[in-house]
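The values are calculated or read from the model by the stated rules, or taken from the named source; none is laboratory data. Keep in mind the model is a prediction, meaning the values are calculated, not measured. Glycine gets a Cβ as well: all are built from the backbone with ideal geometry, and neighbour counts include every protein chain shown. Accessible surface areas use protein heavy atoms only, side chains included; no ligands, DNA or RNA. Shrake-Rupley method; radii C 1.70, N 1.55, O 1.52, S 1.80 Å.
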Amino acid sequence: MEKTKDQAVKDKQHMRHALSLAEKGRGRTSPNPMVGSVLVKDGQVVGEGYHRRAGADHAEIAALKQAGENANGATLYINLEPCCHQGLTPPCVDSLIKAKLSRVVIAMLDPNPKVKGRSMRMMQEAGIQVEVGLMAEQARFQNEVFLKYVTTNLPFVILKIALSMDGKIATKTGDSRWVSCAESRAFVHKLRDMVDATCVGIGTIIRDDSRLTTRLKNKRGRDSIRVVIDSLLRVPLGAKIFTEKSTASNIIVTTKNAFFKRKRDIEKTGSRVLEVHHRNRNKVDLTHMAQELGKMGITSVMIEGGAEIAASAIQEGIVDKIIFFISPKIIGGKTAPGPVGGEGIANMTDVIKLKHIRTKRFGEDIMIEGYIETPPSCVYSPLGCLLETDRV
């Protein structure tokens, strides 16, 4: 039966509401996706819910509990295909079938190999009308982290850099406090609250003694795991990441060339020392690091600053998204560092291109966000944006 224009408008409104509900779980559901659901019967919302955290009720279960008997014959709107496998919670598709829904509208199928269309087919076989694809692009943007992790077992990597208008991240003496304005820095703390891990190079720790904590108003938010790239274990034992109180754990990523005694001293602080492969000049192999972080269940990482770390991360292909905060300041100086070090490219034909560009104003700064261009053969094509409120 062809859908009426009025029904199509209402479907989109309810799916937009499901996406908005899902957004409430951002930064709390890892390694699960963000999911929101809305149950509608006779034109009225009878139940809604979202996945609050891993281990808690899934969105559709929360909606079913709220709806009770009203779920019978209702339509479910959900931004991601319901699960059909046992995880920390039972499979949701069984409860949906038992509730005798009449129709389920799904934004996108779950690429998880354990699901991947199975739930859709199970509901269809049970006589439920299933529609897929409404606001699919928004759903992909919203769950970019989950989509990459579940298909590659690698974390989604954001490279964040603050720079002046003339392309400098610090003065010639290394002073970088502060290149960006207060509003930009506040947003970076929101990003830290959203990702599983925040990563810096050892140079940032030695130079700035960064805490890498999340400092939001009214002490909201949580500290993400702190990852320090330190090939020779030069991190001072008195660094703030070790001494300041935080619920976050530390992972110091190093190579086999580091001193064994230093490794034991760092482990005594309660931190984990992760040994990975090394590249030329004893640099940490960031590809191997990403693989190991993925094995730990870390689904998202934000790399903050450091020209050489930025260059290596881009060159090794681990970066999905780049966020630049450009401040209307002039620093100047031939020796003042730029945002991306390394040897650089020789020809413009070899430049690294970004796509899905987005800009936003923070105080006096301009944020530019884009995604690394990936070859068509890539299993995962990064899509998405953490600033979802303008999209859904």
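Sort through M108, M123, M135 and tell me the only one that's open to solvent by less than 30 Å² (accessible area, probe 1.4 Å) and at positive phi. Step through it out loud before you land on a result.
Working: M108 fails: at positive phi; M123 fails: at positive phi.
Sole residue among the options that is open to solvent by less than 30 Å² (accessible area, probe 1.4 Å) and at positive phi: M135.
Can you tell me which condition A313 does not meet? The list is (1) small (G, A, S); (2) more than 18 Å from the chain's Cα centre (by Cα); (3) under 22 Å from M367 (Cβ atoms), and all the others hold.
Against the list (1) small (G, A, S); (2) more than 18 Å from the chain's Cα centre (by Cα); (3) under 22 Å from M367 (Cβ atoms), A313 comes up short only on (2).
Check the stretch 16-28 and report whether any residue there is within 25 Å of T299 (Cα to Cα), over 18 Å from the mean Cα position of the chain (by Cα) and open to solvent by less than 40 Å² (accessible area, probe 1.4 Å).
yes
Go through (1) under 21 Å from the mean Cα position of the chain (by Cα); (2) at pLDDT below 50; (3) in a loop (DSSP other than H, G, I, E, B) for T389 and report which single condition fails.
If we test T389 against (1) under 21 Å from the mean Cα position of the chain (by Cα); (2) at pLDDT below 50; (3) in a loop (DSSP other than H, G, I, E, B), just (3) comes out false.
Looking for whichever is open to solvent by less than 30 Å² (accessible area, probe 1.4 Å) and assigned to a loop (DSSP other than H, G, I, E, B) here; the options are V200, V157, V188, V179. Which one fits?
Numbers: V200 fails: assigned to a loop (DSSP other than H, G, I, E, B); V157 fails: assigned to a loop (DSSP other than H, G, I, E, B); V188 fails: assigned to a loop (DSSP other than H, G, I, E, B).
One residue alone meets the criteria, V179.
Can you pull out the residues in the stretch 216-233 that are exposed (fewer than 15 other Cβ atoms within 10 Å of the Cβ) and either charged (D, E, K, R) or within 17 Å of the chain's Cα centre (by Cα) (or both)?
Scanning the stretch 216-233 gives K217, K219, R220.
Quick one: R220 ticks every box in (1) at pLDDT 90 or above; (2) more than 17 Å from I266 (Cα to Cα); (3) not aliphatic (A, V, I, L, M) bar one, so which box is it?
Exception for R220: condition (1).
If G270 passes every condition in (1) assigned to a helix (DSSP H, G or I); (2) of a type outside the set (D, E, K, R); (3) more than 21 Å from the chain's Cα centre (by Cα) but one, which one does it miss?
Going through (1) assigned to a helix (DSSP H, G or I); (2) of a type outside the set (D, E, K, R); (3) more than 21 Å from the chain's Cα centre (by Cα) one by one, G270 breaks only (1).
Could you please find all residues in the stretch 283-332 being under 16 Å from E373 (Cα atoms), open to solvent by 20 Å² or more (accessible area, probe 1.4 Å) and either in contact with an Asp or Glu (Cβ under 9 Å, 6 or more places away or on another chain) or not hydrophobic (A, V, I, L, M, F, W, C) (or both)?
Passing the criteria: Q315, E316, G317.
Give the number of residues within the stretch 242-267 that are within 23 Å of G221 (Cβ to Cβ) and in a loop (DSSP other than H, G, I, E, B).
From the stretch 242-267, those within 23 Å of G221 (Cβ to Cβ) are 242-251; that's our starting set.
Within this subset, residues satisfying the condition of being in a loop (DSSP other than H, G, I, E, B) are 244-249.
Of the residues in the stretch 242-267, 6 are within 23 Å of G221 (Cβ to Cβ) and in a loop (DSSP other than H, G, I, E, B).
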